[in-house]
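Here's the structure, in structure tokens; my notes come after.
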Amino acid sequence: MYPESHPQSRELYARALNSLPGGNTRTTVFMKPFPIYAARGSGCRVWDVDGNEYIDCINNFTSLIHGHAHPALIEAATKQLALGSAFGMPTESEVDLAELLVGRLPSIEQVRFANSGTEAVMMALKAARAHTGRPKIAKCEGAYHGSYDYAEVSLDPPPSAWCGNAPVSVAYAKGTPQNVLADVVTIPFNDVEAAVSLIREHGPELACVLVDPMPNRAGLVPADRAYLEALRQVTREVGALLIFDEVITFRLGYHGAQGLWGIDPDLTTLGKIIGGGFPVGAIAGGKQFMSVFDPSSGKPALPHGGTFSANPVTMRAGLAAMELLDEAAFARLDTIGQAVRDGIDAAFRKTGVPGGTVGLGSLLKIHFTDRRIRDYRSAYLTEAEAKRQAVFNAGLLNRGISAANYGLMALSLPMTDADVDAIVAAASASLQEVAALG
Ligand code: PMP
């Protein structure tokens with residue numbers, strides 16, 4: 001049981017408190033009384049420093065799709081390491097991975113690599129500004145797009161800040177300049193009328209609309225097709241670019257979320273799985289938009305360097321990961337994702353706990369309410385729901401399942417049918433504990 005069976009993690013955390021703020025490097029992996037430190041992983045399993053074993057259902061927050069230490073990825077990365085890990089020159093590896101991505105996403109012709117999803121989103125927003133010469137961006141309330149000031153506006157507005165039905169632009173981090181808030185138009189997710197009207201209102205000043213087709217932090221509900229179609233149409237109408245943030249959703253299908261929804265954005269941001277387990281980000285789109293990065297005729301509209309951008313170890317591992325991810329792999333991910341969602345939904349019905357799962361493909365999220373989840377506000381946890389979620393999470397952890405504490409699961413290809421059954425069994429037993437709360 002956590003935390004009693006984790007003395008080494010406790011000790012490491014006590015050490016970490018001296019040299020890291022709050023003993024922490026990533027807010028997302030913090031937990032009380034202390035985080036569990038990983039020692040190693042293999043396939044879909046992870047072992048912590050105390051030797052406890054888990055089925056990994058978080059996969060480094062959706063960045064791993066082949067689990068841990070896949071032999072083909074080890075080979076690709078170590079082969080490159082032996083040749084040198086980084087150069088002050090481009091390498092063939094960036095051309096190879098760019099070509100693969102261009103072959104998969106119908107809307108893109110060119111790619112620019114970066115080191116994280118945060119950086120990809122930042123550069124995509126800057127590219128839209130450089131292309132249009134306009135200052136403002138629009139984004140959905142509650143949607144997470146990394147740590148760039150503009151992208152994190154209205155990430156977590158509390159109910160006290162909601163004014164009626166209107167979305168609000170609220171700073172996420174203390175110290176965010178007022179000017180940043182003034183340049184962000186917050187739109188509601190999955191509300192065509194309100195979003196279109198706000199986009200039209202700010203149209204002449206709007207560089208882009210940034211949208212994640214299935215925003216994790218805003219509930220992981222897939223966007224209505226009509227919503228994305230409306231964004232596609234109205235951005236054309238006002239001359240703003242449509243940016244899909246596919247940092248997570250690229251793992252939903254061979255052609256990404258844009259392939260599933262059948263909608264072509266102007267720019268796409270990528271990250272996570274395309275690095276094969278290494279740090280990565282990418283901005284991609286049609287040549288007319290990507291030309292802002294082009295230095296071949298002098299200083300580009302948008303200069304962009306990055307000491308580690310297109311790092312060859314990342315590129316080689318990413319290429320190996322993406323090559324393994326063929327149509328059959330996506331079909332398998334859809335099958336196991338559906339099996340886990342169905343299994344957990346059945347357990348909700350059996351135990352009578354309100355709620356169930358949402359998600360697509362290898363991604364799912366568990367909600368503890370029978371309210372219809374449509375967007376950030378409908379996904380917002382009441383106190384009772386937060387309590388159920390905490391009991392459920394503790395139940396999963398103590399049954400050897402590692403998932404995000406806010407209910408997200410990301411499944412991986414090494415999972416067997418027996419692993420799927422084990423995940424569903426652990427979730428069902430944990431739900432019984434939730435039911436016992438009354
Ligand atoms: N966009 C989305 C949709 C994300 O989920 C994330 C990270 N979870 C990011 C951007 C930022 O990516 P990174 O953590 O690599 O900076």
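Key figures for this structure:
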quantity: Distance (nanometres) between label positions extended 7 Å along Cα→Cβ at ARG225 and GLU205; calculated: 3.6
quantity: Over the chain: helical MRE at 222 nm, DSSP H runs n ≥ 4 each giving -39500 (n - 2.57), nearest 500; calculated: -12500 deg cm²/dmol
quantity: Positive-pole candidate from LEU228, VAL153, GLY117, dipole of the chain, charges at beta carbon; calculated: VAL153
quantity: Accessible area (Å², per residue) of the range 4-51, counting only protein heavy atoms and a probe of 1.4 Å; calculated: 64
quantity: Heavy-atom accessible surface of the range 1-83: percent carbon and sulfur, 1.4 Å; calculated: 58
quantity: Members of LYS32/LYS139; LYS272/LYS365; LYS32/LYS136; LYS79/LYS365; LYS79/LYS287 lying beyond 28 Å, as alpha-carbon distances in this model show; calculated: LYS32/LYS139; LYS32/LYS136; LYS79/LYS365; LYS79/LYS287
quantity: GluC sites (Glu not before Pro) restricted to DSSP loop in the range 25-123 with at most 16 other C-beta within 10 Å; calculated: GLU109
quantity: SER5 paired with ALA346, simple spin-label distance in nm, labels 7 Å along Cα-to-beta-carbon; calculated: 2.6
quantity: Residue-by-residue Karplus 3J(HN,Hα) for the range 164-177, coefficients 6.51, -1.76, 1.60, Hz, glycine and proline x; calculated: x, 8, 6, x, 10, 9, 10, 5, 8, 9, 4, x, 4, x
quantity: Computed lengthening from SER42 to VAL29, 0.36 nm per intervening residue step minus Cα-Cα distance; calculated: 2.7 nm
quantity: Share of pairwise Cα separations in the chain, more than 37 Å, in percent; calculated: 24
quantity: Length gained when the stretch ARG372-ASP50 is fully extended (0.36 nm per residue, less Cα-Cα span); calculated: 111.9 nm
quantity: Added length on full extension, which subtracts the Cα-Cα distance from 0.36 nm per residue, ASP156 to ALA69; calculated: 27.8 nm
quantity: Packing-based ranking, highest mean first, of 277-285, 386-394 given that Cβ atoms within 10 Å are counted; calculated: 277-285, 386-394
quantity: Cα-based radius of gyration of the range 71-324 once divided by 2.2 N^0.38 Å, which approximates compact folds; calculated: 1.00
quantity: Point-to-point label distance, THR176-ALA329, nm (Cα→Cβ direction, 7 Å offset); calculated: 3.5
quantity: Burial order of peptide ranges 178-189, 28-39 (average beta-carbon count within 10 Å, highest first); calculated: 178-189, 28-39
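The values are calculated or read from the model by the stated rules, or taken from the named source; none is laboratory data. Computed from a predicted structure; not experimentally measured. When we count neighbours, we look across all protein chains shown, and the Cβ atoms used for this are built from the backbone with ideal geometry, even at glycine. The accessibility values were calculated without ligands, DNA or RNA, using every heavy atom of the protein model including side chains. Shrake-Rupley method; radii C 1.70, N 1.55, O 1.52, S 1.80 Å.
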